[in-house]
Amino acid sequence: MRFHPLSSGGSLEPMKRTVAIVEDEPAIRDNYAAAFTREGYVVRTYANRKQAMAAFGARLPDLAVIDISLEEEPEGGFELCRQLRALSAELPIIFLTARDSELDAVSGLRLGADDFLTKDLSLAHLIARVNALFRRVEALRRPLEASQIVRRGPLTLDAERMQVEWEGKVVLLSLTEFWIVYALARHPGHVKNRQQLMDAANVVLDDNTITSHIKRIRRKFQAIEPNFDAVQTVYGMGYRWVE
Amino acid sequence: MSLRFKLLLLGLATLVLPWAGCRYAREMESALREGEQSSLQSVAQTMASSLQGRRDLLYREVPPARSTDSADTDESQAPVPQPEPRPTPYDLRPVLLFAQPSVDGYADEWPQGKSAWRYYAHGQHEFGILTGVFERMLYVVLDVRDEHVVFDAPGASPLEPGTFGDRVWLGFQGPDGVEHQVFIGATGFGSVTGRRIETGEYGQQTAVTEPRITGAWQPSAKGYRLELRIPLSMLGERFGVLVDDRNARGAEPVSYGTLRSDDLHTVGRLIVASPDLTVYLRQFLQPGLRLSVMTPDHRLLSQADALAQATELGAERGFLTRFYRHLVDRSGARRVIDATATIYDRDQGSAIGLLQVTQTEERWLTLRDRALTRMLNLTLVISLVAVVAMLVFAARLALRLSRLRTASETALTREGLVTTFPETDSVDELGDVARGFSTLLGRLNEYTGYLRTLAGKLAHEIRTPLTIVRSSLENLESEPLPPSAGVYVARAREGSERLNGILHAMGAATRVEEAISSAERTRFNLIPVIDSAVSSYRTAFPQREFALELPAEGVEIEGAPDLIVQMLDKLVDNAVDFSPAGATITVRLRLEPHAALLEVENPGPPLPPESRGRLFESLWQSRLGADSRPHFGLGLYIVRLIAEFHGGNATASSLPGDSGARFTVRLAR
């Protein structure tokens, strides 16, 4: 199944899915809520961690979009994520942060978030992610379908489950990172420039952030395979997957 | 003048201590001398008192003079103390001789001063007489002026008047008071012996040799010299000399001298010290002392001398001592001190003599030297210690000050980055200055840090409202809108995207700094990196030509290839912006022994001269480039950061003839 970032994916299940948005800036919160609602999701909004946790304790959402800095807690989002993960291991969580500099920090925290992005993400891209994450949840519940699996040497890519394995071992990538690896590994040897990677990853960022994404990807693979060098930099052009 | 030099001068000022010490030593020496003087005076006084009335000790005890016509020789009579006889011009006072003169007629070994001589004259005739005493012998020197010395006829009887030549008569009272006369006559120059005339029981006269009186008769410039030796035991109170000067043998003499010429009776006295006096004085003698007894008119009677014997007290002769003494001693200072006291008669009426006590410097000089040495050593040591301490302190101060200066110089780098300032916890003023600096730099650091992050912070602050705007516009686009509204939404969208771009550019520098600080270094070959980068530029900028000049062999450097590409991107962006369409941009890699030089040249306007030094600073200069993308002047700043990351720097210059610009990045290798 090919997935176009802007296709609507909320029609697979009859029951409407619930998306929780935890964001302290009311205008942004409401704008996000409007976009999600238009997409067909049920949206619940919370302004701070306490409200969110109180609600989650009563009933979990199907997906949560969490801003890292919440009201007077600059890292309230992390704390909320931990508490939420304690309640559900598979719930998709998307982190939003105002600062790019926090991406590295967040990535290193291993909070089990499925993706983390900056807030200058366009709504369309945000929706695309939410849709993709719901698809993944579905795919994880279904039995393994071999047709969706792409193999490139030691690499195994499951496009539905959005999972990556290297020599049988799972590599935990965020959604954005998965999209980048998928874009590269689908056509090994082909150079993808930054713009193409940005489109594949549903981000609009400057070159430096793509570079840091690539760096994070390499690090995650190297944790499993120290000699990993399948992602090759082609200077001035972009990146390519080598086998 | 450096601090050290100033403090050295100050330290040398403590040398006033030894100088003061020397002055003090001199004063102390005067005081000591005075003290010694007064104590010596009391010693002299005491000794003089002990000699009071002891005329017998001072002078030879002479039995009271008897008149020659008195036959009373009763010796049982106790001597009646005689009043002091009046002095006469015929009194002879022998000097005290310190060595036995050789009786040879020459007075060389006698003391040479003229003052001891007595002269007696008669008309043209004159003789000088010098007497001296040495160990119970009286020595007499007669210097007689005689143009024509006449000798006795040889072999003739000394009593034959016709044979008489020049003769000298000695007249003296014996210890018993009896007058004696002895004559000296010679047949030629040489030794002589005294002769006396004795009258036999029958009245005949004979000349008898007086062997105890011997001498020598020698010629002199003026006439002749007679040197005689007479035992003091022969002599009593009176003594005299008479010269018979004949100008021909047997002629009538001219007689003159200290005897009465008619009967050769003595007139003058012989004033000699008692031999016991020396013994007496010797009792009181100590090494370094000299005791002298003199007649009231300062003629020496007796002397006991141990001046040269100051031995063990004068021991300290070390180099330092001699040096100090040289410093302190006044030239011409007397080397001895003496005190004189008068010896009075029994009833304190008249003076019978003078006692002089002389002491060498040795005794008190040594005391002084010992104290002086100790004190000078001490003060010199103190001085030295003070100077050294001051030098050390000055050196430490200077060191601390120069460290402070160095720290303050390096704390603020040329770019304004403030590094750490060394902490100090010394309590003194220097420590205060250092802490003040530290505080100042800390505040400066805060402020510059604030300024540097201002852009990033602003960007962050703006981001939220911008997100609101953008997300609102996105929602708006999904709402049904009349077409006319769509235009405005589109414009708003565009504007917010540009705003977003600006925000990105504002935070770009910070992102680059972060990327640089977290970049991993590897060794890589520059050639393929540059090559592929330039290929992509050819695609990206079709309106420009790219000329590539690379060395043949590979160029390995250590760094981050991504950053090199990013840097090159910025340089090429700049070059494209400032060159006309169709221009050729040159990318060149040159090699130096320890550097690789990456150059990007573009034809076009030259660099403005006033911006030369400031191009690579993180300026906030907004201008539109050829592609109407906003430029914030951060591109070159990023170039500089990346160049410095690779151990080099970035410079810019105009091409010759002001035909364009060249940017050169030096990379270490």
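Under a crude label model (7 Å from the Cα following the beta-carbon direction), how far is A:Glu225 from B:Glu479 in nanometres?
Once both label points are built, they end up 5.2 nm from each other.
Tell me the GluC sites (Glu not before Pro) within the range B:99-169 that lie in a loop according to DSSP and have at most 15 other beta-carbon atoms within 10 Å.
B:Glu109, B:Glu135, B:Glu147
Pulled fully out, how much extra length does the chain show between B:Asp263 and B:Val427, if you take 0.36 nm times their separation in residues and subtract their Cα-Cα distance?
Between B:Asp263 and B:Val427, full extension yields an extra 47.9 nm.
Please give me, ordered by residue number, the trypsin sites (Lys or Arg not before Pro) of the range B:109-198 that lie in loop per DSSP and have at most 16 other Cβ atoms within 10 Å.
B:Arg136
For a 26 Å ceiling on Cα separation, which of these pairs sit above it: A:Lys119/B:Lys457; A:Lys192/B:Lys570; A:Lys220/B:Lys457; A:Lys50/A:Lys215; A:Lys16/A:Lys220; A:Lys215/B:Lys570?
A:Lys220/B:Lys457; A:Lys50/A:Lys215; A:Lys16/A:Lys220
Between B:Leu591 and B:Val279, 0.36 nm times their residue separation minus their Cα-Cα distance comes to what?
Stretched fully, the B:Leu591-B:Val279 segment lengthens by 100.9 nm.
Calculate the FRET efficiency for B:Ala492 and A:Leu144 from the Cβ-Cβ distance with a Förster distance of 56 Å, rounded to the nearest 0.05.
For R0 = 56 Å, the calculated efficiency reads 0.75.
For chain B, what are the DSSP H helices with axial Cα length of 20 Å or more and mean Kyte-Doolittle hydropathy of at least 0.5?
Going by DSSP H runs, the hits are B:362-411, B:526-540.
By its C-alpha gyration tensor, with a ≥ b ≥ c as the square roots of the eigenvalues, how is the range A:18-140 shaped: rounded for a/c under 1.5, else prolate for a/b larger than b/c, else oblate?
rounded
When a/c is below 1.5 the answer is rounded, else prolate if a/b is larger than b/c, else oblate, so apply that to the range A:41-92 with a ≥ b ≥ c taken from the square roots of the Cα gyration tensor eigenvalues.
It is prolate, given that a/c is not under 1.5 and a/b is the larger ratio.
Where a ≥ b ≥ c are the square roots of the eigenvalues of the C-alpha gyration tensor, would you call the range B:496-600 rounded, which needs a/c under 1.5, or, failing that, prolate if a/b is larger than b/c, or oblate?
oblate
Less than 12 Å from a label point 7 Å out along the Cα-to-Cβ axis of B:Leu307: which backbone N atoms in the range B:21-57 qualify, by residue?
The answer is none, because no backbone nitrogen lies closer than 12 Å to the label point.
What three numbers, in Å, describe the spread of the alpha carbons of chain B along their principal axes, ordered from the longest?
That gives 199, 54, 42 Å along the principal axes, largest extent first.
Run the paramagnetic zone check for B:Val16: 7 angstrom along Cα to Cβ, then residues of the range B:370-401 with backbone nitrogen under 18 Å.
Within reach of a label on B:Val16, which here means backbone N under 18 Å from a point 7 Å along Cα→Cβ, the range B:370-401 contributes B:379-388, B:390.
Please list, in order, the residues from the range B:579-600 whose amide nitrogen is less than 19 Å from a point placed 7 Å along the Cα→Cβ vector of B:Leu655.
Only B:579-590, B:598-600 pass the distance filter.
Defining a contact as two alpha carbons under 8 Å apart and six or more residues distant in sequence, what relative contact order in percent does chain B show?
Relative contact order of chain B: 11 percent.
What distance in nm separates the simple spin-label points at B:Gln218 and B:Asp56, each placed 7 Å from Cα in the Cβ direction?
Each label point lies 7 Å from its Cα, and together they span 4.2 nm.
If each of B:Ile527 and B:Arg443 carries a label point 7 Å out from its Cα toward its Cβ, how far apart are those two points in nm?
The answer from the label model is 5.7 nm.
Which lysines have a Cα less than 18 Å from the Cα of B:Lys222, not counting those fewer than 8 places away in the same chain?
Partners within reach: B:Lys114.
Just to confirm the filter: which GluC sites (Glu not before Pro) across the range B:490-598 are DSSP coil and have at most 16 other Cβ within 10 angstrom of their Cβ?
Sparse-neighbourhood loop GluC sites (Glu not before Pro): B:Glu520, B:Glu553.
Can you work out the FRET efficiency for the pair B:Val381 and B:Asp338, with r the C-beta to C-beta distance and R0 = 41 Å, to the nearest 0.05?
Taking R0 as 41 Å, the efficiency between B:Val381 and B:Asp338 is 0.60.
None of the figures in this text is laboratory data; all of them are computed from the coordinates on show. From a predicted model like this one, the values you see are computed outputs, not experimental measurements. Backbone-built Cβ (ideal geometry, glycine too); neighbour counts: all protein chains shown.
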